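**Student:** Pasting in a structure now, in structure tokens, and then I'll have a few things to ask.
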Amino acid sequence: MQKHILIVDDEVEIRDLLELFLSSQGYRVTTLEGADEALRVVHSDRPDLIISDLQLEESDGLAMIEKLKVTLPDTPVILLTGVLFDAQVFRETLSKKVSAYLMKTTPLAKIKAEVERLLAV
Amino acid sequence: MSPSVPDRTLRRVLIFFAAIAAVLVAAVVVAVRNINRAERGADWVNHTHAVILEIDGVLASTHASDSALRTFLMTNDPRDQAAGREALGALGEHLSIAKALTRDEPAQLTEVLRLETLANQRIDIMQRVLAASRTDQTEAVRTLTAADATTATVSEIRRAVEKLKAEEMALLAERDTAAYLQAQTTRWTVWLGVALDGLLLIGAAWLIRDDLRARRLAAAALAEANTRLELRVRERTADLVATNEKLAAENLEQRWAHQAAEHQLRYYQNVFNALNDLVFIVTKALNVSRVNPAVVTVTRREPSALIDQPLAQFVQLAGDPTGKLDPVARALREGRELRGQMASISDAHGRPVAVRLTLFPVRDRDKVVGGVVVLEVLAFDQTSTV
């Protein structure tokens, strides 16, 4: 059965490219623009993995992830953002909320490897 | 294989079958003609036997009439006389049939006519004897005895009959030999035709087998060529698909990298523009290469009036009599930060604004390539400068 990946990002280009890439790798992909929509959708169509931006149109990605974790406590989350975090900062703060942190400049091949790693668990 | 080869084989096979048909027709024609001849020969043999039968009948009737006459002369019994007449009648009938049978054979007809003459002489004597017998028996016997001595006797008729029979038998033997030879010819013709047809059939079969073998070889070669071609097409297609997938992946990766770079650039541009402090990006020679909007706001100078100009043209360090920002230049050359330096920046009207200057060297790996000069405005009366 195809694994379901939910992508939340306010930039349409990023959503489209990630959907195109992950679909070509055999995943079922749902793309959403905002946090409210995401919080609504996960109840009816539970994802196996969430990829989210940090800065969303009307919300904070980390805040949305906190709310999603209530419904999906075991679902891995990748934070895909343009904001550069120090490794120590990630370990001490972000790692409690997300499974992985990737810069938006990360090549697709590495994103794929991270997705496979998290879905294999 | 050339496309003309099957056609040539077909032509050759057709020629073979035409030859077989011709041989068959020739054998049939010869056989039918010989059968017709044999039929005609058989008719002639029957005809000869009929002639022999009839002349045998003449001899037998002669004997019978002669015997009946002699018996009648001794017994004077009318039944013997009637038997004699009946035998004479049969004698005439045999002679008539024999003449009819030999009317197309002059030599035989001559012999039959001679036999008829002898028989007629005999009949004449008998009739005379019978006539005499009605008056005087003795005279009749004498007359008969005299006739036997002077005219044709039964022995003479028998010799004539045997001669004629011998001739007919000789003809029969001749016809028999001819019939045998015809039958042999027919047999040889039929067997020769069968043998020839058999050879032609073997030839045609050999041709067909040869053609079939050639076709099988050609079909196998074609199938092998097709298999090789299909394999090459599959390999080539697989290569193309793999190349296409690789190109598509690379293309996607490039698009992703491009948008990521744009995104990052936009992000940092926004951060840079959002800073309230005045930020100058400078080269190692302390020339301005970039400013943030706060610089434009405070100095009332357009970026075009700032870019590529010496920083010292706008910024003065407190206590720097040279006015060339030497401490800043030195710190930048040495790659160290310079913090909290009191300074001023002049606006477009030459009015100074008090600021605190900080220098951050910019490194590309280990090499200092420029610096960021941040000016914290200490006192700026925006309304007075408007």
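The values are calculated or read from the model by the stated rules, or taken from the named source; none is laboratory data. A quick note: this is a predicted structure, and the numbers were derived from the prediction, not measured. Don't worry about glycine lacking a Cβ; one is built from the backbone with ideal geometry, like all the others, and counts go over all protein chains shown.
**Student:** Would you point out the residue of segment A:38-47, among those that are surrounded by 17 or more Cβ atoms within 10 Å (Cβ to Cβ) and out of contact with any Ser or Thr (no Cβ under 7 Å at 6 or more places or on another chain), that is farthest from the other protein chains (Cβ to nearest Cβ)?
**Tutor:** Across segment A:38-47, the extreme among qualifying residues is A:L39.
**Student:** Please find, within segment B:1-26, the residue that is modelled with the lowest pLDDT out of those that are assigned to a helix (DSSP H, G or I) and among the polar types (S, T, N, Q).
**Tutor:** Filtering segment B:1-26 for residues that are assigned to a helix (DSSP H, G or I) and among the polar types (S, T, N, Q), the one modelled with the lowest pLDDT comes out as B:S4.
**Student:** Next question, about the same structure. Show the residue pairs meeting these rules: Cβ distance below 9 Å; 6+ apart or different chains; first residue within segment B:271-282 and charged (D, E, K, R); second residue modelled with pLDDT of 90 or more and not in a strand (DSSP E or B).
**Tutor:** Once the first residue is charged (D, E, K, R) and sits in segment B:271-282, its partners that are modelled with pLDDT of 90 or more and not in a strand (DSSP E or B) give B:D277/B:N292; B:D277/B:A294.
**Student:** List every residue pair whose Cβ atoms sit under 9 Å apart, with the two residues 6 or more apart in sequence or on different chains, where the first one lies in segment A:19-37 and is in contact (Cβ under 8 Å) with a residue 12 or more places away in the chain and away from every other protein chain (no Cβ under 14 Å) and the second, anywhere, is acidic (D, E) and part of a strand (DSSP E or B).
**Tutor:** A:A35/A:D60
To keep it simple, each residue is scored yes or no on (1) under 24 Å from A:L54 (Cα atoms); (2) within 14 Å of chain A (Cβ to nearest Cβ); (3) assigned to a helix (DSSP H, G or I); (4) of a type in the set (A, V, I, L, M).
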| site | (1), (2), (3), (4) |
| --- | --- |
| B:E224 | no, no, yes, no |
| B:L229 | no, no, yes, yes |
| B:E235 | no, no, yes, no |
| B:L240 | no, no, yes, yes |
| B:E250 | no, yes, yes, no |
| B:A257 | yes, yes, yes, yes |
| B:E262 | yes, yes, yes, no |
| B:N273 | yes, no, yes, no |
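**Student:** From the list B:D211, B:D239, exactly one residue is in contact (Cβ under 8 Å) with a residue 40 or more places away in the chain and surrounded by 10 or more Cβ atoms within 10 Å (Cβ to Cβ). Which is it?
**Tutor:** Every option except B:D211 fails the conditions.
**Student:** Follow-up. What pairs come up if the first residue lies in segment A:1-17 and is closer than 16 Å to A:T105 by Cα, the second is among the hydrophobic types (A, V, I, L, M, F, W, C), and their beta carbons are under 7 Å apart, counting only those six or more places apart or on different chains?
**Tutor:** A:R15/A:I7; A:L17/B:L252; A:L17/B:W256
**Student:** Just to verify a result, which residue in segment B:335-375, among those that are more than 18 Å from B:T299 (Cβ to Cβ), small (G, A, S) and touching a helix residue (DSSP H, G or I) at 6+ places or on another chain (Cβ under 9 Å), is surrounded by the most Cβ atoms within 10 Å (Cβ to Cβ)?
**Tutor:** B:G371
**Student:** Is there any pair with a first residue in segment A:50-73 that is without any contact (Cβ under 8 Å) to a residue 40 or more places away in the chain and on the phi > 0 side of the Ramachandran plot and a second that is basic (K, R) and surrounded by 15 or more Cβ atoms within 10 Å (Cβ to Cβ) whose Cβ atoms are under 6 Å apart and which are 6 or more apart or on different chains, and what are they?
**Tutor:** none
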